[in-house]
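Since every read-out is calculated from the coordinates, none of them should be taken as a lab result. These numbers were taken from a predicted model, which means no experiment stands behind them. Backbone-built Cβ (ideal geometry, glycine too); neighbour counts: all protein chains shown.
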Amino acid sequence: MKPQIDEIERIKIFYLILEDRRYFCHNGFDIISVTRAILKSFFGYRICAISTIEQQLVRTKNNHKERTFSRKLREISHAIEHANRFSKEQNLCEYLDTAYFGWNIKGINQLTEKINARNFGCPEKLTASWYASMLLYPMPRHPNKFWTEKVYHRAKYGFEMRDRIRHTVSFGPWSIGFSGSRPIIVSTELRRRILSLDKS
């Protein structure tokens, strides 16, 4: 049975919330994320993933996983090319249609057809965020409690971040707010999509 369009859209939105909140503002390379990572490295903090969706798409298509500076530079170059050649919606859909979500699960349609998050104890309100979280934590062949807890905590974080983005203030293409004392800078288009789904 094919998933409802709204369900796919919700998964897309939570994926953007979790992985690339400024997706609609950059050209395949997010200078804000890179600058933050450099500052974190300088002060000895743990660096989180900083790849944009276009970079993840290029990595998936080329199947290049080695962690080298030259590979990263090529990846950024190809990501910018992708961003210039195709629309944001095309790149987002292409990535999610080919992304690895776990054992024998490739693409967002297989994900929603094969997996029911409720079977893993996921509350209904967290379902879309749960599915989006499986890109960072793909489902193993034999899911266990450790995997389930990791996905649950990330899904919960995505849901909480959605609420914070709702309360940001738009300034042209950017929307700005705070998470505690930390500033949040996201694309206004992402905020618009979140608010639009709330009304559907």
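So for segment 5-199, taking the charge dipole from beta-carbon charges (+1 Lys/Arg, -1 Asp/Glu), which of Trp174, Tyr131, Thr68 sits furthest toward the positive end? Farthest along the dipole direction, towards plus: Thr68.
Can you compute the helix-only [θ] at 222 nm over the chain? Use -39500 (n - 2.57) per DSSP H run of at least 4 residues, normalise by all residues, nearest 500 deg cm²/dmol. Please list the in-between numbers first.
On the way: 9 runs with 113 residues, N = 200.
Estimated from H runs of four or more residues: -17500 deg cm²/dmol.
Alpha carbon centre of segment 105-136 versus segment 148-165: separation in Å? Taking the Cα centre of each part, segment 105-136 and segment 148-165 sit 13 Å apart.
Counting Lys and Arg as +1 and Asp and Glu as -1, what is the net charge of the other residues whose Cβ lies under 10 Å from the Cβ of Ile105?
Values: positive: Lys106, Lys114; negative: Glu113.
With Lys, Arg at +1 and Asp, Glu at -1, the neighbours total +1.
For segment 71-200, what proportion of DSSP beta bridges, expressed in % and rounded to the nearest 5, is antiparallel? Restricted to segment 71-200, the bridges split so that about 90 percent are antiparallel.
Counting pairs of alpha carbon atoms under 8 Å apart in space and at least six apart in sequence, what relative contact order in percent does segment 49-120 give? Before the final figure, lay out each step's value.
On the way: 48 pairs, mean separation 19.6, N = 72.
Once normalised by length, the contact order is 27 percent.
This structure gives Kirkwood radius over Cα pairs in Å, computed directly, and of (i) 16.4; (ii) 17.6; (iii) 19.6 that value is listed as (ii).
With a cut-off of at most 13 other beta carbons within 10 Å, and DSSP calling the residue loop, which trypsin sites (Lys or Arg not before Pro) in segment 51-91 qualify? Please list them. Before the final figure, lay out the partial values.
Details: sites: Arg59, Lys61, Lys65, Arg67, Arg71, Lys72, Arg74, Arg85, Lys88; in loops: Lys65, Arg67.
For trypsin sites (Lys or Arg not before Pro) across segment 51-91 that sit outside H, G, I, E and B with at most 13 neighbouring Cβ atoms in 10 Å, the list reads Lys65, Arg67.
First check a/c for segment 56-116, with a ≥ b ≥ c the square roots of the eigenvalues of its C-alpha gyration tensor; if it is under 1.5, answer rounded, and if not, answer prolate when a/b is larger than b/c or oblate otherwise. Verdict is oblate for segment 56-116. Each Cα pair under 8 Å and six or more residues apart adds its separation to the average, and for the chain the resulting relative contact order is 24 percent.
Pairs over the 27 Å Cα-Cα cut-off, from the set Lys125/Lys145; Lys72/Lys114; Lys72/Lys125: Lys72/Lys114; Lys72/Lys125. Using the average count of surrounding beta-carbon atoms within 10 Å as a protection proxy, the listed peptides 166-177, 122-133 rank, highest first, as 122-133, 166-177.
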